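Everything on this sheet refers to the single structure shown next.
The values are calculated or read from the model by the stated rules, or taken from the named source; none is laboratory data. Predicted, not measured: the structure shown is a model, and the values here were computed from it. Because the Cβ atoms are built from the backbone with ideal geometry, glycine has one as well, and the counts that use them run over all protein chains shown. Calculation scope for accessible area: heavy atoms of the full protein, side chains included, ligands and nucleic acids excluded. Shrake-Rupley method; radii C 1.70, N 1.55, O 1.52, S 1.80 Å.
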Amino acid sequence: MTAGAAFSRGLEGVIAAESALTYIDGQKGILAYLGIPIEELAEHSSFEETAFLLFYQRLPKRAELEGFQSELIRHRALPEPILDLLKRLPRTAAPMALLRTAVSALGHFDPKPDDVSTTALQEKALRLTAQMATLTAAIGRLRKGLEPIAPTTDLSHAANFLYMLTGQKPTEEATRVFDVALILHADHEFPASTFASTVVASTLSDIYSSICAALGALKGPLHGGANEQVIRMIIEIGDPSRAESYIKEKLARKEIIMGFGHRQYKTYDPRARILKRYSERLAQQTHDTRLFQIEEIVEKTVIEALGGRGIFPNVDFYSGTVYHYLGIEPELYTPIFAVSRIVGWAAHIMEYLKENRIFRPTTRYVGPPLGHYIPIEQRT
Ligand code: CMC
């Protein structure tokens, strides 16, 4: 315990690191990577270019982007024993838990897993970015009893993921929507998962350990796990006519509504605004607007009740229906978050290690006063 130090439950309002990567204004609903508004990146960039931006803290020139894309493609395939391992694990295991196991195992195939020099980390970050997609697609297929599909060398990161999952080359529209979802999830400053991975990295441990910590944190329903919970809730509601009463009853029981609220945003999450547009567009294109209609009523009901307290949809609210309309199963929504967020985790680790100082906060001691050890025969 450090005398006089401030205590903030959940570290609310505590600045734990300096970062040039992501800017959030939670009152105005602004999000930008390296100063570029998320709306502009979603409109004009690609996941690959966004990854470069976050890794190297600048936009690439054309030749650099092409080189980066080629390197990502080159590292897509998984070591065969990793696929064997995934095949031997219980099919019923949670996909996020399988992903965590697989990332841990990937470290054993890196000849220098403990090398945390800048160059080594850049290579590992790129490889992990490429392979997180392949792992997630493989997990998605294995849990349905299907063989994993080998990655292509001619598709973009987004298109290749959808191909590895379904076995079919996706349409341009599906590829673009998925690419935008990946851009939107790539980084978000210092949420629990990024903080967890940076804490591990600050001990100079290997990046695989750091990313496993991040995956563990992302899995929780208060963080990335919320997107799966949202779609399950929307499916459970089942019909737009039930949405308002369902939410009002939940609120009356003081239950948390998944996909709403954020430590940083006290207004509409700009990512949710973009995803809502895509969700609506896909709903119309697939002539299946029921789930989107339910979401709109849920949104209206929650904002009417809690908007005054700064509770609005977050990124996890509309991402679920976007993935649903792309034909993806709910169990994969949180792993898909990781397919993108690996970029933010790795970028923060690389940035933090440039001026590393081990994370070692303290606790406010609330236990018994100093006393003495009591021998076992004297304990009452
Ligand atoms: N539904 C109902 N009430 C809520 C919600 C919600 N979704 N979110 C916050 N509140 C209430 C909360 O109960 C508390 O009320 P009171 O002051 O009466 O105790 C008040 O608002 C302040 O909330 P908090 O829990 O102190 O806020 P926090 O900053 O500690 O937690 C949060 C942020 C995201 C964990 C929380 O809003 C939540 O549990 N949301 C639902 C889960 C979710 O959607 N998570 C995804 C977050 S965004 C993307 C990501 O990181 O993956």
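Residues of the range 1-58 being assigned to a helix (DSSP H, G or I) and surrounded by 17 or more Cβ atoms within 10 Å (Cβ to Cβ), which ones?
38, 41, 42, 47, 48, 49, 50, 51, 52, 53, 54, 55
Could you look through the range 311-324, keep only residues that are open to solvent by 10 Å² or more (accessible area, probe 1.4 Å) and more than 15 Å from the chain's Cα centre (by Cα), and pick out the one that is nearest to the ligand (Cβ to nearest atom)?
Applying the filter and picking the extreme gives 311.
Looking at the range 273-294, can you tell me whether even one residue there is in contact with a Gly (Cβ under 7 Å, 6 or more places away or on another chain) and buried (at least 23 other Cβ atoms within 10 Å of the Cβ)?
Scanning the range 273-294 turns up no residue that is in contact with a Gly (Cβ under 7 Å, 6 or more places away or on another chain) and buried (at least 23 other Cβ atoms within 10 Å of the Cβ).
State all residues of the range 299-310 that are near the ligand (Cβ under 9 Å from one of its atoms) and open to solvent by less than 40 Å² (accessible area, probe 1.4 Å); if no residue qualifies, say none.
Listed by number, the residues that qualify are 302, 306, 310.
Let's see how each residue does on (1) more than 24 Å from residue 157 (Cβ to Cβ); (2) in the same structural domain as residue 153 (by TED's automatic domain parsing):
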residue: 4; (1), (2): yes, no
residue: 15; (1), (2): yes, no
residue: 53; (1), (2): no, yes
residue: 73; (1), (2): no, yes
residue: 77; (1), (2): no, yes
residue: 85; (1), (2): no, yes
residue: 92; (1), (2): yes, yes
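Please give the number of the condition residue 159 fails out of (1) open to solvent by 10 Å² or more (accessible area, probe 1.4 Å); (2) of a type in the set (Gly, Ala, Ser); (3) free of Cβ contacts under 8 Å to residues at least 60 places away in the same chain; (4) over 23 Å from residue 104 (Cβ atoms).
If we test residue 159 against (1) open to solvent by 10 Å² or more (accessible area, probe 1.4 Å); (2) of a type in the set (Gly, Ala, Ser); (3) free of Cβ contacts under 8 Å to residues at least 60 places away in the same chain; (4) over 23 Å from residue 104 (Cβ atoms), just (1) comes out false.
Give the residue that is farthest from residue 314 (Cα to Cα), with candidates limited to residues of the range 211-243 that are within 13 Å of the ligand (Cβ to nearest atom), in a loop (DSSP other than H, G, I, E, B) and of a type in the set (Gly, Ala, Ser).
220
Residue check: is residue 186 modelled with pLDDT of 95 or more, within 16 Å of the ligand (Cβ to nearest atom) and within 17 Å of the chain's Cα centre (by Cα)?
Considered against the rule, which asks whether it is modelled with pLDDT of 95 or more, within 16 Å of the ligand (Cβ to nearest atom) and within 17 Å of the chain's Cα centre (by Cα), residue 186 comes out as yes.
Any chance the range 181-189 includes a residue that's over 20 Å from residue 359 (Cα atoms) and in contact with a Pro (Cβ under 9 Å, 6 or more places away or on another chain)?
The answer is yes, given that some residue of the range 181-189 is over 20 Å from residue 359 (Cα atoms) and in contact with a Pro (Cβ under 9 Å, 6 or more places away or on another chain).
Which is among the basic types (Lys, Arg), away from the ligand (no atom under 16 Å from the Cβ) and in contact (Cβ under 8 Å) with a residue 40 or more places away in the chain, of 341, 364, 360?
Being among the basic types (Lys, Arg), away from the ligand (no atom under 16 Å from the Cβ) and in contact (Cβ under 8 Å) with a residue 40 or more places away in the chain holds for just one of 341, 364, 360, which is 364.
Taking the range 263-298 as the search range and keeping residues that are in a helix (DSSP H, G or I) and in contact with a Phe, Trp or Tyr (Cβ under 7 Å, 6 or more places away or on another chain), which one is nearest to the ligand (Cβ to nearest atom)?
Among residues in the range 263-298 that are in a helix (DSSP H, G or I) and in contact with a Phe, Trp or Tyr (Cβ under 7 Å, 6 or more places away or on another chain), the one nearest to the ligand (Cβ to nearest atom) is 272.
If I filter the range 71-129 down to residues being basic (Lys, Arg) and assigned to a helix (DSSP H, G or I), which single residue comes out as most open to solvent (accessible area, probe 1.4 Å)?
Ranking the qualifying residues of the range 71-129, first place goes to 88.
May I ask you to verify whether residue 259 is surrounded by 24 or more Cβ atoms within 10 Å (Cβ to Cβ), outside the structural domain of residue 31 (by TED's automatic domain parsing) and within 13 Å of the ligand (Cβ to nearest atom)?
Yes.
Would you point out the residue of the range 174-196, among those that are open to solvent by 30 Å² or more (accessible area, probe 1.4 Å) and part of a helix (DSSP H, G or I), that is nearest to residue 226 (Cα to Cα)?
Checked the range 174-196; the qualifying residue nearest to residue 226 (Cα to Cα) is 192.
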